[in-house]
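This report refers to the structure that appears directly beneath it.
The values are calculated or read from the model by the stated rules, or taken from the named source; none is laboratory data. Not measured: the values here are computed from a predicted model. Neighbour counts run over all protein chains shown; Cβ positions are idealised from the backbone, glycine included.
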Amino acid sequence: MIWECSIFETEFKFEQISYKRSESKFQSRVAFNLQRCYIFFMMENDAFVDRKKIYKELKAEIYNFLAERNIPARQSKRMVIQGLVLFLSWAVCYSAFLYWGQQSDILALLLSLPWAFVMLMIQLAVMHDGSHGASSESATMNKLLTSAISFIGGSALLWESQHCHAHHSFTNVHKKDHDIDTGGLLRLHSSQELRSHHQYQHIYAWMLYPLFVLSWIWWGDLRDIIKNTYSIGPQRMRRVIVEFVIIKVWHVFLFLILPALVFKSFALALICYLISFSLLGFFMVIIFQLAHMTGVQSLPENEKALGDDFTLRQVLTTVNFATDNRFLTWVIGGLNFQIEHHLFPQMSHVNYPVIQPLVVAFCQKKGIPYFNYPNVMEAVSGHQNHLRQMGCAPLS
């Protein structure tokens, strides 16, 4: 069945796919996603005669716009100040947790939340930009900010391979983007094997998300070292192993041994640890899922499926959400502007709201789909629908 729709005065055709669940429910899910996003679809004519020039044209337009207004692509001073303020805030919150947490177990549990929240901001607004070289013109400063990942027990070297290279180069690509590989627990990509338990994944996935950081810290990095997931050379691998040992020892001491000594209770320290890192893990996963898994992004079978233009590969596999929410933008380091981030990962996130109108206009002019959920809840609903859709098999 072919649906004729008109959104923003742009006509497009959408080929319906029937699933073994109710057809009417699937139609409503698709309609939900279509009605609540800005969508500019590619024309059926020869709209992309020279795809390789699209990104060069967009990049030149964006950087000329910034240069004309004396806006640096890397907001070094602003990013460094933000990092210092957040690190200081975390130190205050964690010190308060250790000091006042001695008074009562309830107070310790409550005070584990503020430092976990600030830690989330550090990872998203400081570490993430630094890992892309987007915080400063200084490579040393960027590496220093990237090392903030060690605060949660992660490896900066493995993060660079997993996120900056694999995820950004092969976004949503089957067997290439390791962010969508859950070892069979979830089916996020249409090319992944469908298992019987996936029909319930829209229910149990939300209970797994809080375990993300804990799984990453205690198993993920070790697995990637043992399997050499990212084909790291011997010299660099030695650095990875040394870093791995140091940060794991640091992590255990800072978040388990030190609180246990202060509170005189390992059980209380462990409970506070599990609560804070479950909170951290849940929100880190949700931000990724809302950007890449809401049912409207492309899910390429291989890296050649979306062609050779960088703009198309990034925009078709990514969505924005709640870009008018300034508080959210501040808390998560502009990662609700995922399209702009994937197009310009080496640009400071504080510039994303500035360049977004230009990116939208460019996509509209070229007929490229651009998706933007107006608020978080509609993006969450899109992800829930995606889990349902991937949990059931297409009809033959």
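Observations
- Flag if Ile271 is surrounded by fewer than 13 Cβ atoms within 10 Å (Cβ to Cβ), among the β-branched types (Val, Ile, Thr) and not assigned by TED's automatic domain parsing to the domain that holds Ser381: no
- Of all residues in the stretch 304-315, those satisfying the criterion of being in contact (Cβ under 8 Å) with a residue 24 or more places away in the chain and either assigned to a helix (DSSP H, G or I) or closer than 17 Å to Tyr55 by Cα (or both) are Gly307, Asp308, Asp309, Phe310, Thr311, Leu312, Arg313, Gln314, Val315.
- Going through (1) surrounded by 13 or more Cβ atoms within 10 Å (Cβ to Cβ); (2) of a type in the set (Ser, Thr, Tyr); (3) modelled with pLDDT under 95 one by one, Tyr209 falls short only on (3).
- In this structure, Ala361 does not satisfy being hydrophobic (A, V, I, L, M, F, W, C) and modelled with pLDDT under 95.
- Residue pairs meeting the criteria (Cβ under 6 Å; at least 6 apart or on separate chains; first touching a residue at least 24 places away in the same chain (Cβ under 8 Å), in the stretch 358-376; second among the hydroxyl-bearing types (Ser, Thr, Tyr) and surrounded by fewer than 21 Cβ atoms within 10 Å (Cβ to Cβ)): Tyr370/Tyr38; Asn372/Tyr38
- Pairs, first among the basic types (Lys, Arg) in the stretch 235-258, second not in a helix (DSSP H, G or I), C-beta under 7 Å, six or more apart: Lys248/Gly153
- Any chance Thr318 is in contact with a His (Cβ under 7 Å, 6 or more places away or on another chain) and part of a loop (DSSP other than H, G, I, E, B): yes
- Within the stretch 134-152, being surrounded by 22 or more Cβ atoms within 10 Å (Cβ to Cβ) and part of a loop (DSSP other than H, G, I, E, B) holds for Ala134, Ser135, Ser136.
- Of all the residues in the stretch 340-371, those that are farther than 18 Å from Asn64 by Cα and touching a Lys or Arg at 6+ places or on another chain (Cβ under 9 Å) number 1.
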